[in-house]
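Since the structure comes first, as structure tokens, the remarks are kept for the end.
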Amino acid sequence: MDCVFCEIIKGNIPSTKVYEDDFVVAFNDLNPQTPVHVLIVPKKHIASANDLVEEDAELVGRVFLAAKKIARQLGLESGYRIINNCGKDAGQTVMHLHFHMLGGKTLGEKII
Ligand code: AMP
Ligand code: ZN
């Protein structure tokens, strides 16, 4: 399997990690769209939100609990936005479930 985020999780591709726990890892997006643009990625390889199964329910909660910690860590007390692109029509380019966490400025209505 050729998955760039699995390689980042294994440490085979470098990234700027901002957070890690047993379930998720978070690192800076290579092509940031906002002053803070972090990708929150479950360690388990799941291709997209459409590929989630019942047993992943807790994992998705873990993503949002990680976001809360990252927000505190990165000083996003005035807010942030979390976006998931699912599938071709949404422009998903990396087929390993991930959540864009955007902040560091007042966000417009349309980002990504
Ligand atoms: P999406 O279009 O929702 O699939 O988002 C994929 C995101 O992954 C894009 O914002 C890319 O900039 C980002 N990305 C791709 N490769 C890397 C990488 N090696 N390190 C960090 N971010 C990456
Ligand atoms: Zn993967």
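Read-outs: derived from the displayed coordinates by stated rules, not from any lab. A quick note: this is a predicted structure, and the numbers were derived from the prediction, not measured. With ideal geometry, Cβ positions are generated from the backbone for all residues, glycine too; neighbour counts draw on all protein chains shown.
Once the piece of chain linking Leu52 and Asn12 is laid out straight, how much longer is it, given 0.36 nm per residue of separation minus the C-alpha distance between them? Mind showing how you got there, number by number?
Values: separation 40, 0.36 × 40 = 14.40 nm, distance 2.53 nm.
Result for the pair: 11.9 nm of gain on full extension.
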Isolated Cys residues of the chain, judged by Cβ distance under 4.7 Å to other cysteines: Cys86
Helix 57-74 axis, angle to the chain major axis (alpha carbon atoms, nearest 10°): 30
Positive dipole terminus of the range 1-78, leading residue within Val53, Leu30, Gly75 (C-beta point charges): Gly75
Debye, to nearest 20: dipole size of the chain, +1 on Lys, Arg Cβ, -1 on Asp, Glu Cβ: 440
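How big is the convex hull of the Cα atoms of the chain, per residue, in Å³? Walk me through the intermediate numbers first.
Numbers: hull volume 12.1 nm³, N = 112.
Per-residue hull volume (Cα only) is 108 Å³.
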Sorted peptide list for 30-43, 78-91, criterion being average Cβ within 10 angstrom, highest first: 30-43, 78-91
